[in-house]
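The values are calculated or read from the model by the stated rules, or taken from the named source; none is laboratory data. All values derive from a computational prediction rather than experimental measurement. Reconstructed Cβ throughout: ideal geometry from the backbone, glycine too, with neighbour counts over all protein chains shown. The protein model used for the area step is the full one, side chains on, heavy atoms only, and it has no ligands, DNA or RNA in it. Shrake-Rupley method; radii C 1.70, N 1.55, O 1.52, S 1.80 Å.
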Amino acid sequence: MPYNKPHPAETIIISRRFHLPNSASIDTFLAHDGYKAARKALDMSQDDIINEVKKSNLRGRGGAGFPTGMKWGFVPRQSPKPKYIVVNADESEPGTCKDRLLMEFDPHRLIEGCLIAAKAVGAHQGWVYIRGEYRYLIDIMDKAIAEAYKANWLGKNVQGTGFDFDLSTHTGAGAYECGEESALLESLEGKRGQPRIRPPFPAVSGAFQCPTILNNVETFCAVPDIILNGGDWYASLGVPRAGGTRLLCISGHVQSPGVFEVPIGFPMMRAINEMAGGLRPGRKLKAVIPGGSSCPVLKADECDLPMDYDSLAKAGSMLGSGGMVIMDDSTDMVKAALRIIKFYQHESCGWCIPCREGTLWLKKILTRLDDGIGVRSDIDLVGELAENMLGRTFCPLGDAAALPTISIVKKFRAEFEARLAQVQVPAGVSESLVRIHV
Amino acid sequence: MTFSPELEARLAKMLESYPKGRERAALIPMLMYTQDEVGHISKELAEEVAKRCGVTTLQVEEVVGFYTMLRTKKMGKTHLQICTNISCLLVGGDELWQHASKKLGIGHNQVTADGSISLEEVECIGACSWAPAIQTNYDFHHYVTLDQLDKLIDDLRRIQ
Ligand SMILES: Cc1cc2nc3c(=O)[nH]c(=O)nc-3n(C[C@H](O)[C@H](O)[C@H](O)COP(=O)(O)O)c2cc1C
Ligand code: SF4
Ligand code: FES
């Protein structure tokens, strides 16, 4: 993995063991504060752990940004059913490549985060659901889990505290939709990755119909430092309603793409210009996808903002998964829109019509616009079709397909117009008939 | 059907990793790991996995149809996967794809006549900051140039 050197402007917390020699081994981990937080948590009450996580203002790093402590608090602890921990390591949102680093360079941190979560809700078993393409990471996690069992950080009577916790990896098999939490649970149970109706949410009825804590890799990995240093400390790193740091994956047209750890609220232009080395010589910024391809794109003049949930929402986009895609003035936005919709069309699970058919038609229309055989009304049709999908699908994948499409067509309409079929439409003739002749 | 001792050990452990009576949960991992050894999911393999996980063959086929990494068709000795999603597209992913397809004379999900290489245009493989990226079987290659890809294909053809 050609992981970049840390940048001086980073705030290094979650990534602090990445550059140690043999960073994935339990010896390195233990020599650098490893399992100290878990040891502390094993002596804390469930409420105290959850309160610390609530105080930290940690919000889910998988994309939706839901407050983690609140989610953990939803687990009905009196329920006689077993409780489970599930790690979402499906990482498939285009532009996102951070969970990979956490598992490759600090797998024990993830195990420690799971153990703390398990103690917080009284869970005794968990699974790390890792996308199938990440086989080498499954091997790394399997090895770390075996080490943790051997050192009694997993298994029966963890460190003599009487607490039991089992953890294993579970491979996916290639399906973006399985990153959606309820589809992931279906997949974990050995079924097609189609989402479930919610509520009930996983905290109440998740894996095998039992209360389940399901979080992103980075979310679990943030927990040990919160327990060690306190929720207030973590909260103070970020902005008022979102605490801590997060990993930003910068890709696309920058000179030094890479993954960088920044506090929530870090200025977007500093991330692009300082950390990622700015644009290539002679190029100007055109657009940015701020947090994975499901987010509406921002035009260059909208990018001067701090990266926190509220600022991104105000700008009409989302903080998302941390996958920032930078596009310079050489980018063909029609092609970009087509490539993005091709992805969602391919990944639509087919369960509901607006998404299954909508993404297909968007792909067809964008293909003819890209091929130069589209007509003017096609541009409006793309916008209308996508608008009609919004809020009308069974799971958020439909919105994830529609939102970027709407934003690109609206903000870069001139590029679509420049690509229309070069034909004269005679007065009184429907434009769509013209298509037959081009 | 029996598998190698290492795989048998893995499968036994796999079945114990889920709550009692929930062996079906091992279905997808079992298909992935057995496919790696057998090559593709034949009717015989589907029946075997169905038996071990306590489901019907139809339920296995239903699952196989959903996931892109589960294949009922034999692929090449090396399965070459080229990402053309947005981050890779911006820095030459599509050129890599076109080049590989032309050089090998095959398209998406096709296999060369000698069986050495199969080709797939894949969605984001989580290597966006090190794009353009490709995978040969489970191995990642980052910052891939046209020349490197060209040489890689020549090498892969030789080791068939
Ligand atoms: C289509 C779709 C794909 C998703 N993919 C992922 C993913 O790959 N990884 C992830 O952690 N969350 C993904 N999510 C978000 C999850 O549904 C869920 O919100 C998240 O895992 C919860 O964990 P968090 O609160 O720690 O972020 C996806 C959501 C949708 C709708
Ligand atoms: S929105 Fe798309 S992915 Fe989600 S349930 Fe409907 S068809 Fe499936
Ligand atoms: S877009 Fe190619 S690896 Fe993410």
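Can we say residue A:89 is crowded, with 19+ Cβ neighbours inside 10 Å, among the hydrophobic types (A, V, I, L, M, F, W, C), within 29 Å of residue A:250 (Cα to Cα) and in contact with an Asp or Glu (Cβ under 6 Å, 6 or more places away or on another chain)? The answer is yes for residue A:89.
Pairs are defined by a Cβ separation below 6 Å, a sequence spacing of at least 6 or placement on different chains, a first member in the stretch A:17-36 that is on the phi > 0 side of the Ramachandran plot, and a second member that is assigned to a loop (DSSP other than H, G, I, E, B) and at pLDDT 95 or above; the pairs so defined are A:35/A:153. How about the stretch A:241-251: which of its residues are hydrophobic (A, V, I, L, M, F, W, C) and either within 16 Å of ligand 3 (Cβ to nearest atom) or open to solvent by 20 Å² or more (accessible area, probe 1.4 Å) (or both)? The answer is A:247, A:248, A:249, A:250.
The residue that is least open to solvent (accessible area, probe 1.4 Å), counting only those in the stretch A:197-240 that are out of contact with any Phe, Trp or Tyr (no Cβ under 9 Å at 6 or more places or on another chain) and acidic (Asp, Glu), is A:218. In the stretch A:343-352 there is at least one residue matching the filter, namely being of a type in the set (Asp, Glu), within 9 Å of chain B (Cβ to nearest Cβ), part of a helix (DSSP H, G or I) and in contact (Cβ under 8 Å) with a residue 40 or more places away in the chain.
Quick grid of which residues meet (1) farther than 27 Å from residue A:180 by Cβ; (2) of a type in the set (Ser, Thr, Tyr); (3) open to solvent by less than 10 Å² (accessible area, probe 1.4 Å):
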| site | (1), (2), (3) |
| --- | --- |
| A:264 | no, no, yes |
| A:277 | yes, no, no |
| A:285 | yes, no, no |
| A:314 | no, no, no |
| A:321 | no, yes, yes |
| A:329 | yes, no, no |
| A:332 | yes, no, no |
| A:342 | no, no, no |
| A:350 | no, no, no |
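Residues in the stretch B:131-159 that are part of a strand (DSSP E or B) and open to solvent by 80 Å² or more (accessible area, probe 1.4 Å): B:139 only.
Yes/no per residue for (1) of a type outside the set (S, T, N, Q); (2) away from ligand 1 (no atom under 16 Å from the Cβ):
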{"site": "A:8", "(1), (2)": "yes, yes"}
{"site": "A:25", "(1), (2)": "no, yes"}
{"site": "A:39", "(1), (2)": "yes, yes"}
{"site": "A:53", "(1), (2)": "yes, no"}
{"site": "A:58", "(1), (2)": "yes, no"}
{"site": "A:68", "(1), (2)": "no, no"}
{"site": "A:72", "(1), (2)": "yes, no"}
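Scanning the stretch A:133-140 turns up at least one residue that is away from ligand 3 (no atom under 16 Å from the Cβ), at pLDDT 95 or above and more than 11 Å from chain B (Cβ to nearest Cβ).
Which numbered condition in (1) within 16 Å of ligand 3 (Cβ to nearest atom); (2) outside any helix (DSSP H, G or I); (3) crowded, with 20+ Cβ neighbours inside 10 Å is the only one that residue B:89 fails? Failing condition for residue B:89: (2).
Just checking, does the stretch A:353-365 include any residue being within 16 Å of ligand 1 (Cβ to nearest atom) and open to solvent by 50 Å² or more (accessible area, probe 1.4 Å)? Checking the stretch A:353-365: at least one residue is within 16 Å of ligand 1 (Cβ to nearest atom) and open to solvent by 50 Å² or more (accessible area, probe 1.4 Å). Mind checking whether some residue in the stretch A:170-179 is within 14 Å of chain B (Cβ to nearest Cβ), surrounded by fewer than 19 Cβ atoms within 10 Å (Cβ to Cβ) and out of contact with any helix residue (DSSP H, G or I) (no Cβ under 7 Å at 6 or more places or on another chain)? Within the stretch A:170-179 (the criterion being within 14 Å of chain B (Cβ to nearest Cβ), surrounded by fewer than 19 Cβ atoms within 10 Å (Cβ to Cβ) and out of contact with any helix residue (DSSP H, G or I) (no Cβ under 7 Å at 6 or more places or on another chain)), the answer is no, since none of the residues qualifies.
Residues of the stretch B:93-104 that are over 18 Å from residue A:289 (Cβ atoms), of a type outside the set (Phe, Trp, Tyr) and crowded, with 18+ Cβ neighbours inside 10 Å: B:96, B:100, B:104.
For the stretch A:117-132, the set of residues classified as at the interface with another protein chain (Cβ under 9 Å from one of its Cβ atoms) and part of a strand (DSSP E or B) consists of A:125, A:127, listed by residue number. Quick one: would you say residue A:102 is more than 16 Å from the chain's Cα centre (by Cα), part of a helix (DSSP H, G or I) and surrounded by 24 or more Cβ atoms within 10 Å (Cβ to Cβ)? Taking the combined requirement at face value, the residue does not satisfy it. Residue under question is residue A:282, and the condition is that it be of a type outside the set (A, V, I, L, M) and in contact (Cβ under 8 Å) with a residue 12 or more places away in the chain; does it hold? In short, no. Residues in the stretch A:190-216 that are within 14 Å of another protein chain (Cβ to nearest Cβ) and either free of Cβ contacts under 8 Å to residues at least 24 places away in the same chain or under 18 Å from residue A:50 (Cα atoms) (or both): 5 in all.
A quick yes/no check of all residues on (1) modelled with pLDDT under 95; (2) not in a helix (DSSP H, G or I):
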residue	(1), (2)
A:338	no, no
A:361	no, no
A:387	no, no
A:402	no, no
A:410	no, no
A:423	yes, yes
A:433	yes, no
A:436	yes, no
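The requirement of being within 16 Å of ligand 1 (Cβ to nearest atom) and in a helix (DSSP H, G or I) is fulfilled nowhere in the stretch B:92-112; no residue meets it. Scanning the stretch A:70-86 for residues that are in contact with a helix residue (DSSP H, G or I) (Cβ under 7 Å, 6 or more places away or on another chain), away from chain B (no Cβ under 14 Å) and either touching a residue at least 60 places away in the same chain (Cβ under 8 Å) or buried (at least 24 other Cβ atoms within 10 Å of the Cβ) (or both) turns up A:72, A:75. In the stretch B:113-130, the residue that is nearest to residue B:152 (Cα to Cα) out of those that are more than 9 Å from ligand 3 (Cβ to nearest atom) and outside any strand (DSSP E or B) is B:116. Scanning the stretch A:236-253 for residues that are part of a helix (DSSP H, G or I), touching a residue at least 60 places away in the same chain (Cβ under 8 Å) and in contact with a helix residue (DSSP H, G or I) (Cβ under 8 Å, 6 or more places away or on another chain) turns up nothing. Of all residues in the stretch B:110-160, those satisfying the criterion of being facing another protein chain (nearest Cβ under 9 Å) and among the acidic types (Asp, Glu) are B:123, B:139.
Taken as a whole, the condition of being out of contact with any Cys (no Cβ under 7 Å at 6 or more places or on another chain), at pLDDT 95 or above and open to solvent by 10 Å² or more (accessible area, probe 1.4 Å) does not apply to residue A:393.
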